[in-house]
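Engineer: Right, I'll just put the structure down here and ask away after.
The values are calculated or read from the model by the stated rules, or taken from the named source; none is laboratory data. None of these values were measured; they are calculated from a predicted model. Because the Cβ atoms are built from the backbone with ideal geometry, glycine has one as well, and the counts that use them run over all protein chains shown.
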Amino acid sequence: MRQVVGAAIALLLALSGCSQSEPKPVTPALWEVSGPKGGRGWLFGTIHALPEPVEWRSAKVEAALKGSDRLVLEINNADDPAAVGKVFTRLAHTPGQPPVEQRVPASARQPLEELMSKGGLTRRRFDDLETWAVAVTLSQAAASEMDGGHGIDRAVMQAAAGKPVVELEGAESQLRIFDSLPETEQRDLLAGVVQEASDDAMQGRLGKAWSKGDMAAIEVQTHTGILADPELRAALLVNRNNAWADKIGAMFASGGKPFVAVGAAHMAGPEGLPALLAAKGYAVTRIQ
């Protein structure tokens with residue numbers, strides 16, 4: 001699922017199905033969280049890429065944004081491609097990499113060629129890129145076709161203009177998660193990206209689930225595709241959620257009022273942020 005491949009470079013959950021005229025009203029999931037020391041905040045599941053605008057600012061979301069004292073994101077400089085690009089370049093390049101087609105199973109080679117062709121990418125582009133970086137580049141190319149600049153994380157930043165912004169990871173920490181994967185897992189990631197890029201039905205299912213706040217459907221998707229691999233699921237989703245829950249819990253414990261806006265997959269199921277915070281003793285209530 002692209003939703004957890006990294007907000008830093010506008011990957012993840014490229015969705016379809018929005019009106020080209022009037023923005024379609026949607027009701028993505030929103031939770032209210034309260035702690036024992038008066039801390040109060042909100043959890044909001046976002047989408048990193050949308051082909052058309054949607055009307056996501058319901059009265060409940062507006063009230064939560066107004067009541068918060070800070071905006072909490074995965075990374076704070078997602079809209080600064082130059083800064084993110086510098087980090088990517090420093091981590092991604094290692095001479096002597098095998099040809100890109102040798103880094104995917106035989107069954108994925110034709111879809112790989114098609115994805116490269118669609119994105120205007122040549123083999124030379126990947127000569128010295130580590131396998132995780134190839135996966136990120138291809139995922140970005142696939143997402144950019146469907147992203148009309150209407151990602152909800154970017155919209156949240158605009159809506160919360162003037163509030164302090166806190167990042168849970170930062171671009172370097174996020175990309176180092178991929179860089180630290182063993183080569184076998186990097187190749188699994190690459191194969192998964194190639195497969196998901198051609199799965200239009202999955203894109204539609206995810207878009208519909210997000211727009212309705214259908215967390216049960218989103219949870220199902222966190223056990224498929226890339227995230228069906230136990231090692232990748234741990235590295236890209238579970239471990240990050242646990243680390244984020246600790247940081248968010250500390251904000252609540254100190255009396256803060258954060259509005260936490262991260263990819264909707266990080267909110268799903270017993271390993272999602274709402275469940276993890278509830279397990280820590282916070283009162284977590286779904287309000288939308």
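Engineer: I need every pair where a residue in segment 128-145 that is more than 15 Å from I177 (Cα to Cα) has its Cβ under 7 Å from the Cβ of a residue that is basic (K, R) and modelled with pLDDT under 90, sequence separation at least 6 or different chains.
Structural biologist: S139/R2; A143/R2
Engineer: Ok, one more. Looking at segment 36-50, can you tell me whether even one residue there is surrounded by fewer than 18 Cβ atoms within 10 Å (Cβ to Cβ), under 17 Å from the mean Cα position of the chain (by Cα) and either acidic (D, E) or over 30 Å from T131 (Cβ atoms) (or both)?
Structural biologist: no
Engineer: Can you pull out every residue in segment 100-127 that is part of a loop (DSSP other than H, G, I, E, B), more than 24 Å from the chain's Cα centre (by Cα) and within 18 Å of P182 (Cα to Cα)?
Structural biologist: P105
Engineer: Does V84 qualify as being in contact with a Lys or Arg (Cβ under 6 Å, 6 or more places away or on another chain), among the aliphatic types (A, V, I, L, M) and over 15 Å from A261 (Cα atoms)? Steps first, answer last, please.
Structural biologist: On the way: in contact with a Lys or Arg (Cβ under 6 Å, 6 or more places away or on another chain): no; among the aliphatic types (A, V, I, L, M): yes; over 15 Å from A261 (Cα atoms): yes.
Criteria not met by V84.
Engineer: List the pairs whose first member sits in segment 33-55 and is touching a residue at least 24 places away in the same chain (Cβ under 8 Å), whose second member is among the polar types (S, T, N, Q) and assigned to a strand (DSSP E or B), and whose Cβ atoms are under 6 Å apart, counting only residues at least 6 apart or on separate chains?
Structural biologist: R40/S34
Engineer: Kindly evaluate E185 against the criterion of being modelled with pLDDT of 95 or more, part of a helix (DSSP H, G or I) and either of a type in the set (D, E) or over 15 Å from I47 (Cβ atoms) (or both).
Structural biologist: Judged against the criteria, E185 is a match.
Engineer: Within segment 71-101, which residues are free of Cβ contacts under 8 Å to residues at least 24 places away in the same chain, more than 30 Å from H266 (Cα to Cα) and exposed (fewer than 13 other Cβ atoms within 10 Å of the Cβ)?
Structural biologist: P98 - this is the single residue of segment 71-101 that is free of Cβ contacts under 8 Å to residues at least 24 places away in the same chain, more than 30 Å from H266 (Cα to Cα) and exposed (fewer than 13 other Cβ atoms within 10 Å of the Cβ).
Engineer: Check segment 85-101 and report whether any residue there is touching a helix residue (DSSP H, G or I) at 6+ places or on another chain (Cβ under 6 Å) and over 30 Å from E167 (Cβ atoms).
Structural biologist: yes
Engineer: Related question: For P164, which of the numbered conditions (1) touching a Lys or Arg at 6+ places or on another chain (Cβ under 8 Å); (2) crowded, with 16+ Cβ neighbours inside 10 Å; (3) under 30 Å from P25 (Cα atoms); (4) not hydroxyl-bearing (S, T, Y) fails to hold?
Structural biologist: Among (1) touching a Lys or Arg at 6+ places or on another chain (Cβ under 8 Å); (2) crowded, with 16+ Cβ neighbours inside 10 Å; (3) under 30 Å from P25 (Cα atoms); (4) not hydroxyl-bearing (S, T, Y), the lone unmet condition for P164 is (2).
Engineer: Sticking with this one: Which one of the conditions (1) free of Cβ contacts under 8 Å to residues at least 40 places away in the same chain; (2) farther than 18 Å from R187 by Cβ; (3) surrounded by 11 or more Cβ atoms within 10 Å (Cβ to Cβ) does R123 fail to meet, given that it meets all the rest?
Structural biologist: Among (1) free of Cβ contacts under 8 Å to residues at least 40 places away in the same chain; (2) farther than 18 Å from R187 by Cβ; (3) surrounded by 11 or more Cβ atoms within 10 Å (Cβ to Cβ), the lone unmet condition for R123 is (2).
Engineer: On to the next question. Among the candidates V61, V104, which residue alone is surrounded by 15 or more Cβ atoms within 10 Å (Cβ to Cβ), farther than 24 Å from L236 by Cβ and touching a Leu at 6+ places or on another chain (Cβ under 8 Å)?
Structural biologist: Just one listed residue meets the conditions, V61.
Engineer: When segment 232-253 is examined, which residues are found to be more than 13 Å from Y282 (Cβ to Cβ) and not hydrophobic (A, V, I, L, M, F, W, C)? Show your work before the answer.
Structural biologist: Looking only at segment 232-253, we keep the residues that are more than 13 Å from Y282 (Cβ to Cβ), and these are 232-244, 247.
Across segment 232-253, the qualifying residues are R233, N239, R240, N241, N242, K247.
Engineer: List the residue pairs whose Cβ atoms are under 8 Å apart, where the first residue sits in segment 174-185 and is in contact (Cβ under 8 Å) with a residue 60 or more places away in the chain, the second is surrounded by 14 or more Cβ atoms within 10 Å (Cβ to Cβ) and charged (D, E, K, R), and the two are 6 or more positions apart or on different chains.
Structural biologist: Hits for this filter: Q174/E74; I177/R240; D179/E130.
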